[in-house]
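Some notes on the structure that comes next.
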Amino acid sequence: LEPLEALYGTHRLIDSVFIHGSLRAYDLIAIAVPRSETFVPWAQKIVGNADAGLVELCKDERISSAMVDELRTHVAKAKSPTLAAIGAVHLEPHGFANINVEFLTASLKLRRFKIVQHYDSVFDGLYQKLGQTTDPKVKISGSA
């Protein structure tokens, strides 16, 4: 997933990104840290509020949806496979190191396991939003 993170990280609205996938779900999802100097004016136009701040904008579902569209367009322009497109994004207003210094290695690479643990409920919410589940329990019809 690191090559995808590198690709998404080149988008003008993104400072850093963590891509997550599950064997039990079709779509990739992401935690994205916006680049505030480009993200805030872009997002303010979408919500029609020039006074909205970074934290408020990151919580707005319209912005998350618009960001998914932006990122899909970015991947398409890079001529990456459509399987590389994310289905949903959680916008994190604070950089990964600001949330938890253990999220980064000494060489500033993301520690995947630590991030997955921290954002587990966020990932579940994103998959639910997409109508997918990561629940390993499968119900078989007709069984008691």
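Summary of computed values
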| read-out | value |
| --- | --- |
| Meets criteria (crowded, with 18+ Cβ neighbours inside 10 Å and free of Cβ contacts under 8 Å to residues at least 24 places away in the same chain) for Val47 | no |
| Residues of segment 4-44 satisfying the condition of being in a helix (DSSP H, G or I) and in contact (Cβ under 8 Å) with a residue 12 or more places away in the chain | Leu4, Glu5, Leu7, Tyr8, Ser36, Thr38, Phe39, Val40, Trp42, Ala43, Gln44 |
| Where a residue in segment 90-116 is touching a residue at least 24 places away in the same chain (Cβ under 8 Å) and under 28 Å from Arg62 (Cα atoms) and its partner, wherever it lies, is among the acidic types (Asp, Glu) and buried (at least 17 other Cβ atoms within 10 Å of the Cβ), with Cβ under 7 Å and at least six apart | Gly95/Asp15 |
| Those residues of segment 1-17 which are within 24 Å of Gln132 (Cα to Cα) and surrounded by fewer than 22 Cβ atoms within 10 Å (Cβ to Cβ), in sequence order | Leu1, Glu2, Leu4, Glu5 |
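Okay, residues lined up against (1) within 13 Å of the chain's Cα centre (by Cα); (2) at pLDDT 90 or above; (3) surrounded by 12 or more Cβ atoms within 10 Å (Cβ to Cβ); (4) part of a helix (DSSP H, G or I):
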| position | (1), (2), (3), (4) |
| --- | --- |
| Ala52 | no, yes, yes, no |
| Ser65 | yes, yes, yes, yes |
| His90 | yes, yes, yes, no |
| Ser107 | no, no, no, no |
| Phe113 | no, no, no, yes |
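The values are calculated or read from the model by the stated rules, or taken from the named source; none is laboratory data. This is a predicted model, so every value here is computed, not measured. All Cβ positions, glycine included, derive from the backbone under ideal geometry; neighbour counts span all protein chains shown.
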